[in-house]
1. Whose amide H sits under 5 Å from the amide H of Asp110, counting only residues 5 or more places off or on another chain, with H placed in the peptide plane?
2. Give me a comma-separated list of calculated 3J(HN,Hα) values for the range 136-142, in order, Karplus coefficients 6.51, -1.76, 1.60 applied at θ = phi - 60°, integers in Hz, x for any Gly or Pro.
3. With a 1.4 Å probe and all protein chains in place, put Lys202, Lys296 in order of accessible area, largest first.
4. Once ligands and nucleic acids are excluded and a 1.4 Å probe is used, how much of Glu194 is accessible, expressed in Å² to the nearest 10?
5. Residue separation times 0.36 nm, minus the C-alpha to C-alpha distance between Phe282 and Asp218: what's the value?
6. Hey, what do the phi angles of the range 111-117 turn into as Karplus ³J(HN,Hα) couplings, whole Hz, using 6.51/-1.76/1.60 and θ = phi - 60°, x for Gly and Pro?
7. Taking amide H atoms as placed 1.01 Å from N in the peptide plane, list the residues 5 or more away in sequence, or in a different chain, whose amide H sits under 5 Å from that of Phe269.
8. Report Rg/Rh for the chain, rounded to two decimals, where Rg is the Cα radius of gyration and Rh the Kirkwood radius.
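The values are calculated or read from the model by the stated rules, or taken from the named source; none is laboratory data. Note that the structure is predicted; figures quoted are calculated from it, not measured. Neighbour counts run over all protein chains shown; Cβ positions are idealised from the backbone, glycine included. Note: accessible area is taken over every heavy atom of the protein model, side chains too, but ligands, DNA and RNA are not part of it. Shrake-Rupley method; radii C 1.70, N 1.55, O 1.52, S 1.80 Å.
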Amino acid sequence: MLGFNGTCPGPEIRQRQNDILRARVENGLEDGTLVHWHGIRLPNAMDGVNVLTQDVIIPNEGYEYRFPVSGSRCRNLLVSLPLPFLRTGRPRTVRPLIVEEPAPPDVDQDITAILFDIRLDDTGQFDMEFDRADFITAGRLGNLMTTFLSSEQARLGDHIRLRLINPTPDRIFEIRIDGLTGFCVAYDGMPLPELVSLGNLKLAPAQRIDIIADVTGDVILRETVPSGGEELGGIMLNGQRQIRSAPIAPLPANLVPAPGEITQTADLFMQGGAGDGAHGGFGGWAFNDVSGLPNKPLISARRDEAVQVRMVNDTAFPHGIHLHGHHFWETDQNGARTHLRDTTLVAPGETMTIVCVLDNPGAWMLHCHMLSHQADGMATWMQVS
Ligand SMILES: [Cu+2]
């Protein structure tokens with residue numbers, strides 16, 4: 001397997017909002033690699049995307065990433081992903097990067113929960129087999145699911161923050177959490193203006209959910225679909241504290257510019273997959289009849305333009321579409337803006353229109369975050385000048 005600093009997932013990085021993050025990457029792999037700082041609003045040159053922003057770091061060479069995290073704009077809970085990956089069947093690896101608020105909410109424990117999905121062979125080793133069929137269906141799903149929790153003990157009555165991250169290549173997690181009474185307070189690092197109840201939770205690859213809740217029993221994460229309750233990990237009770245009655249409040253909002261008049265609209269037709277015909281380009285998946293990064297961007301915008309992308313999923317599989325360097329609004333059927341996210345899950349047959357203020361200059365990837373689909377061509381980009 002690949003790892004950061006000897007482990008997978010790698011050790012957590014914690015930064016305060018507005019701090020400068022400096023990360024010296026030494027490539028000890030046999031292949032070129034990069035680090036992408038998913039969900040962080042950063043200068044384009046630091047985005048870690050081969051072709052668009054940076055050449056790969058070759059074996060035995062290093063590179064220093066350096067950027068502020070990130071004005072008052074970004075409070076993202078996120079993962080970093082070395083590329084390239086997958087065409088060889090090898091996974092990329094991840095580590096959490098937690099960006100703390102200047103005045104974080106008062107909790108007894110701040111726990112990171114990394115959902116994990118891996119395919120092992122019959123000897124228990126990482127399965128290196130490359131199966132073409134995975135890439136043109138739901139992706140390279142594993143046969144072992146678990147959760148890496150930064151703490152596995154809590155007291156009855158503890159007031160905790162739980163940061164759920166789905167850094168898996170292709171697995172959509174549908175889960176519920178027993179033993180917690182509380183609310184979702186942020187999606188993809190963006191505070192929710194209103195608290196959302198803790199029911200069934202769904203996380204596409206690369207999505208994150210922040211929860212603030214009281215511990216009312218053993219905290220067990222369970223898969224709801226498809227298994228109907230398989231245990232993914234837990235936080236066990238080891239005592240009791242006096243239950244406090246402090247209400248849970250929404251986190252203070254991040255400063256994201258509200259969109260003015262929409263100046264450009266683009267359609268993004270998702271195509272390909274098993275059973276579909278061929279499309280232009282190299283792979284089994286395509287956007288707008290091009291598989292792989294097109295020469296021209298989907299949208300070329302001047303800085304601060306508000307744009308809209310209508311994403312049409314005519315394929316037989318769900319896709320989690322991610323835009324780099326920005327967050328965007330999902331919209332409902334009436335066109336009203338709903339949640340700010342950086343990755344949106346679009347079900348088969350569904351159309352999702354997103355609205356985004358393109359206020360970060362550079363060339364930014366827009367791609368399916370099912371990494372098997374991305375590796376097989378489901379990627380485009382936006383140019384902001
Ligand atoms: Cu996809």
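1. Amide H to amide H, under 5 Å and 5 or more residues apart or across chains, Asp110 pairs with Arg161.
2. 9, 10, 7, x, 8, 7, x
3. My answer, sorted largest first, is Lys296, Lys202.
4. For Glu194, solvent-accessible area is about 140 Å².
5. Full extension from Phe282 to Asp218 adds 18.1 nm.
6. Taking θ as phi minus 60°, the curve returns 10, 9, 10, 9, 6, 9, 8 Hz for the range 111-117.
7. Asn288, Val312
8. On the Cα set of the chain, Rg over Rh gives 0.95.
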